[in-house]
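Contents: one structure, followed by commentary.
The values are calculated or read from the model by the stated rules, or taken from the named source; none is laboratory data. Keep in mind it's a predicted model, so treat the numbers as computed, not measured. Glycine gets a Cβ as well: all are built from the backbone with ideal geometry, and neighbour counts include every protein chain shown.
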Amino acid sequence: MTTTVHPAEETQVASTVDTPTTAATAATADPVLTGAGTAPLVERRGRGRKRVTDSLLPIAVFLGLVAVWYAITYLVLDPDRRFLMPAPHTIVTDALLDGPTMDKILPALGRSIVVTFTGLAIAIVIGMVWAIAMSQSRPIERSLFPYAVALQCIPILALVPLIGFWFGYDFPSRVIVCVMIALFPIVSNTLFGIQSVDRGMHELFTLHNAGRTTRLLKLELPAAMPAIFAGFRISAGLSVVGAIVGDLFFKQGDPGLGILLDNFRARLQGQELFLTIIITAALGFAVFGLFGWLAKVAVGRWYDQSRDAG
Amino acid sequence: MSAPAPTLSSARPAAGQPGDLVLRFRDVAKAFPDGTVALEGVDLDVRRGDFVTVVGPSGCGKSTLLRIASGLSPATAGTSQVDAERIGYVFQDATLLPWRSVQKNVELLAELHGMSRTATRQAALDAIDLVGLRGHEKKLPRALSGGMRMRASLARSLTLDPDLFLFDEPFGALDEITRERLNDELIRLFAAKGFGALFITHSVSEAVYMSTKVLVMSGRPGHVVESFDVPFGAERTPELRFTPEFAALAGEVSHALREGHS
Ligand SMILES: Nc1ncnc2c1ncn2[C@@H]1O[C@H](COP(=O)(O)OP(=O)(O)OP(=O)(O)O)[C@@H](O)[C@H]1O
Ligand SMILES: [Mg+2]
């Protein structure tokens with residue numbers, strides 16, 4: 001008989017083994033604060049308190065960072081150079097609450113969102129069709145997989161000028177950049193998901209003479225859904241990057257967030273620049289979160305996501 | 001041309017008579033491309049109403065035997081002949097699709113065979129009843145115990161009402177109590193349906209308890225070294241395990257198993 005080691009146990013063992021320093025400090029410091037490296041007994045006893053500290057810690061870090069930020073603004077920078085790192089509250093007062101600034105940022109945000117989701121949708125369709133085609137036929141896989149890898153290896157940024165050269169500098173080009181950046185994770189995850197279907201399940205379908213299409217629709221695609229959604233989530237983040245990068249490069253047409261970032265930088269508008277960065281980051285978080293939520297709705301019922309989180 | 005096109009039910013051998021041959025192996029051998037000879041000269045008959053159990057050391061080719069019988073993998077020599085309209089194959093693990101509920105999992109095979117929606121539903125409900133999973137239809141496999149998963153897997157095969165049932169150590173991963181309970185349920189199903197069964201197990205006691213015939217295989221290359229007819233009637237109760245006759249037969253099978261192993 002073989003002993004199967006549950007993945008969770010593996011990681012637990014690993015974390016207790018490779019943290020001798022934490023263990024050493026745990027002897028002196030509050031065992032609850034030192035967290036994962038401590039003995040399970042201590043963890044169990046302090047679980048209620050631990051959860052509270054767990055959520056307080058990032059907040060403490062955040063406050064610390066804000067403090068450092070203020071220190072840089074007021075203690076390090078000369079008053080005439082403070083636009084390099086404007087104090088947080090001035091970002092709110094001078095940019096967020098400033099009508100004309102928001103009148104620039106919000107439409108730009110809207111345009112970038114449209115580019116992001118158009119690009120992502122196209123990447124999802126192309127990527128899944130591409131991966132499904134490869135999964136169904138060896139020759140197709142042989143001939144097309146190298147190009148998927150190439151897509152991953154070629155710095156897309158190098159192609160951006162060419163894309164502008166061919167397709168102009170407006171919406172289509174921005175979407176194309178977005179698609180190219182977001183495509184690979186969808187192709188590779190879909191293919192991987194389909195190819196990792198349990199052999200026993202395949203044999204079950206073979207025994208009952210299931211055809212290609214039946215097998216794809218009733219076995220391979222459902223089984224691959226967790227991997228496919230993981231790919232979507234990565235690509236969603238990348239498509240935000242793609243939308244901003246396309247913008248930054250083309251610098252023409254109606255401004256999206258990328259153009260705006262560049263304009264504010266050029267005009268030394270520190271508060272506006274920082275606000276735009278924060279909004280761009282928020283867009284990234286939102287898109288990532290959206291797809292995390294979609295994955296949960298789609299496969300969370302039967303697929304234990306915590307298993308591949310580690 | 002004058003005979004009416006056979007419908008599915010009329011095409012079946014008059015609901016299968018006991019004694020109809022459903023599986024015949026003659027001198028079957030299997031060599032894998034890497035040179036491993038898994039089976040050599042295997043002769044085997046399974047008729048409706050036979051419950052044939054195969055015991056043998058690990059790696060002697062028992063699973064290979066079933067894969068050949070089911071058509072999943074071809075024999076490299078000899079003939080394997082299947083006279084069953086439908087084959088049920090229960091794997092060692094339940095291989096339930098984790099995204100489908102118990103009901104949907106049990107419906108799968110009927111679905112693959114293109115049964116109508118209502119017939120599929122009905123067949124699944126009947127099978128779920130037979131294996132005692134009523135009330136768990138909506139659960140996902142992850143919410144089931146190992147024994148319940150095996151029941152669901154069994155129910156899935158039952159929907160096709162197979163003439164030949166292949167079992168590859170179906171209860172090997174279960175605890176003793178659950179295993180014995182499932183043994184009894186399977187005997188009950190067998191008595192009710194009268195299919196032919198080829199059952200693989202590592203447990204001599206399970207083999208003797210369940211079967212009408214026990215085959216003992218040698219180590220690789222596997223072939224049948226001894227065959228025991230089991231004289232206990234169709235009715236089997238747990239007390240059977242404590243009778244001297246049972247112990248004697250189990251002893252003989254164990255002995256043959258040890259001989260074949262060395
Ligand atoms: N695809 C394959 N290629 C090469 N050798 C194989 C292949 N499949 C099985 N074998 C070998 O054939 C032999 C018989 O395998 P099989 O799985 O039938 O054994 P088994 O009797 O079912 O064993 P167990 O009781 O452990 O399940 C083994 O030695 C195995 O290593
Ligand atoms: Mg086996």
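Figure legend. Inter-residue proximity from the range A:202-231: first residues farther than 22 Å from A:VAL287 by Cα, second residues aromatic (Phe, Trp, Tyr) and buried (at least 18 other Cβ atoms within 10 Å of the Cβ), beta-carbon distance below 7 Å, spacing 6+ or different chains. Indicated pairs: A:LEU207/B:TYR89; A:ARG215/A:PHE205; A:LEU219/A:PHE205; A:PRO222/B:TRP99. Taking strands (runs of 3 or more DSSP E) as the structural unit, those lying wholly within the range B:85-203 and holding at least 1 residues that are within 14 Å of chain A (Cβ to nearest Cβ) correspond to B:87-90, B:164-168.
Which helices (runs of 4 or more DSSP H) does the range A:144-220 wholly contain that include 1 or more residues that are over 19 Å from the mean Cα position of the chain (by Cα) and over 30 Å from A:LEU109 (Cβ atoms)? In the range A:144-220, A:171-195, A:199-207, A:212-215 are the helices (runs of 4 or more DSSP H) which contain 1 or more residues that are over 19 Å from the mean Cα position of the chain (by Cα) and over 30 Å from A:LEU109 (Cβ atoms). A single entry from B:SER63, B:SER73 fulfils the requirement of being within 12 Å of ligand 1 (Cβ to nearest atom), at pLDDT 90 or above, part of a loop (DSSP other than H, G, I, E, B) and touching a strand residue (DSSP E or B) at 6+ places or on another chain (Cβ under 9 Å): B:SER73.
Table: residues versus (1) assigned by TED's automatic domain parsing to the domain that holds A:ARG265; (2) in contact (Cβ under 8 Å) with a residue 12 or more places away in the chain.
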residue	(1), (2)
A:GLY64	no, no
A:TRP69	no, yes
A:ILE72	no, yes
A:ARG82	no, yes
A:VAL92	yes, no
A:LEU96	yes, yes
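Just so you know, in the range B:33-80 the residues that are out of contact with any Lys or Arg (no Cβ under 9 Å at 6 or more places or on another chain) and away from chain A (no Cβ under 14 Å) include one that is nearest to ligand 2 (Cβ to nearest atom), and it is B:LYS62. All conditions in (1) free of Cβ contacts under 8 Å to residues at least 12 places away in the same chain; (2) over 22 Å from the mean Cα position of the chain (by Cα); (3) within 16 Å of ligand 1 (Cβ to nearest atom) hold for B:GLN122, with the sole exception of (3).
So for the range B:242-253 (the condition being within 19 Å of the chain's Cα centre (by Cα) and in a loop (DSSP other than H, G, I, E, B)), does at least one residue qualify? No; the residues of the range B:242-253 include none that is within 19 Å of the chain's Cα centre (by Cα) and in a loop (DSSP other than H, G, I, E, B).
Inspection of the range A:193-215 finds no residue satisfying the criterion of being of a type outside the set (S, T, N, Q), surrounded by fewer than 18 Cβ atoms within 10 Å (Cβ to Cβ) and more than 22 Å from B:TYR89 (Cα to Cα).
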